[in-house]
Amino acid sequence: MHDPATIDPSGHQPPHTPAGECWAITDQAAGNQRQALALAEQMGMPVRHLVLSLRAPWSWLSPRLTLGGRLALPASQRAAFAPPWPTLAIGCGRSAALLTRLLRGLTEGYCHTVQMLDPRVEPSHWDTIIAPKHDGLTGPTVLNPLGSLNPVDDSWLADGRDASPALGYLPRPRVGVLLGGPRTGIRMDADYARQLIEHLLARRQREGGSLLVLTSRRTPAAVAELMRTALRGIPGLLWTGPDDGNNPYPGVLGWADRLVVTPDSVNMLSEACAVGCAVHTFVVGNLPAKLARFHRSLREAGLLHDIDADAPTQQVPLRETAAIAGVLRRRVLSR
């Protein structure tokens, strides 16, 4: 990360935390919410989560268009974005970037404004920018974690195991399989699923164990159905949505001996690498340039492996949220 001299490598929180409230500002995207809340909850402050959406034309031009910015919110949401202002505001996503940018002026600098992910405009409009290393954004206010921030730590994993105790009785190795979906430059169709299934079943044939497969909202229905057919009779589980019960994602990460993650999601890969077990991926073709840089960084750090590669059963987990929170806490307290 940028500014490493200010980071406590132990990840321990300092004894003092800022007074006042922390706002986590996001849109409806689950990935944005997860990142903003993970950081906000590390700050030791009361947290208020604002889920806000912008009207046109601000939604088209955020965060560049600031003229009349308070009118960017629908009338029903304007009361939420109003005094008393917070001491700290953490935004994630393009819509939130306009609101965190506005807060700096609305509070005359009282609120320390943080924007997660590259806002695609000059970083100096915010007090702190948190942009993953593969974004290529640098500057005196920019912090560069390797992956996306998330809540995964020993306590979170223990809670996951407690919430899904039955998973602990499945045969080992327990292999968690996290399925994302197609995105620009990445194919994730039935053919990809068949190849992935072939690798998963071949390794299970050699090693035994169980497969714990989770789809996401972006996973094509055809891929989920192929998984359902292929996994019949195999110990484990397949979760494709609420019809299959509560999402066992924390339990799967908590009980997994190994994780296999599709290559499309920085968030999923970052959370998998935070667990501390071996993490594998299956890539077909070439990844988009920015995502390829992220994969390369994980591989160079020994955190990510090809699907059939031998890898240590345990690895140092990628946990950056507490360290980033420590830097941010000191910045807020020094104002």
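Residues of region 8-22 being at pLDDT 95 or above and in contact with a helix residue (DSSP H, G or I) (Cβ under 8 Å, 6 or more places away or on another chain), which ones?
Within region 8-22, the first condition is being at pLDDT 95 or above, and the residues that meet it are 21-22.
22 - this is the single residue of region 8-22 that is at pLDDT 95 or above and in contact with a helix residue (DSSP H, G or I) (Cβ under 8 Å, 6 or more places away or on another chain).
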Given the condition farther than 19 Å from residue 39 by Cβ and touching a Phe, Trp or Tyr at 6+ places or on another chain (Cβ under 6 Å), answer yes or no: does some residue in region 104-114 qualify? yes
So, in region 115-140, how many residues would count as being surrounded by 24 or more Cβ atoms within 10 Å (Cβ to Cβ) and more than 17 Å from residue 39 (Cα to Cα)? 1
Scanning for something more than 25 Å from residue 161 (Cα to Cα) and assigned by TED's automatic domain parsing to the domain that holds residue 281, does region 206-213 turn up at least one residue? yes
Just to be sure, is residue 272 part of a helix (DSSP H, G or I), surrounded by 14 or more Cβ atoms within 10 Å (Cβ to Cβ) and either free of Cβ contacts under 8 Å to residues at least 12 places away in the same chain or hydroxyl-bearing (Ser, Thr, Tyr) (or both)? no
Within region 232-241, tally of residues that are in a strand (DSSP E or B) and farther than 19 Å from residue 255 by Cα: 0
Quick test for you: out of 143, 167, pick the one residue that is of a type in the set (A, V, I, L, M, F, W, C), in contact with a strand residue (DSSP E or B) (Cβ under 9 Å, 6 or more places away or on another chain), buried (at least 20 other Cβ atoms within 10 Å of the Cβ) and assigned by TED's automatic domain parsing to the domain that holds residue 41. 143
Of the numbered conditions (1) touching a Pro at 6+ places or on another chain (Cβ under 7 Å); (2) more than 23 Å from residue 277 (Cβ to Cβ); (3) of a type outside the set (D, E, K, R); (4) at pLDDT 95 or above, residue 145 satisfies every one except a single condition; which is it? (2)
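The values are calculated or read from the model by the stated rules, or taken from the named source; none is laboratory data. Since we're looking at a predicted model, the values are computed, not measured. As a convention, Cβ positions derive from the backbone with ideal geometry for all residues, glycine included, and neighbour counts pool all protein chains shown.
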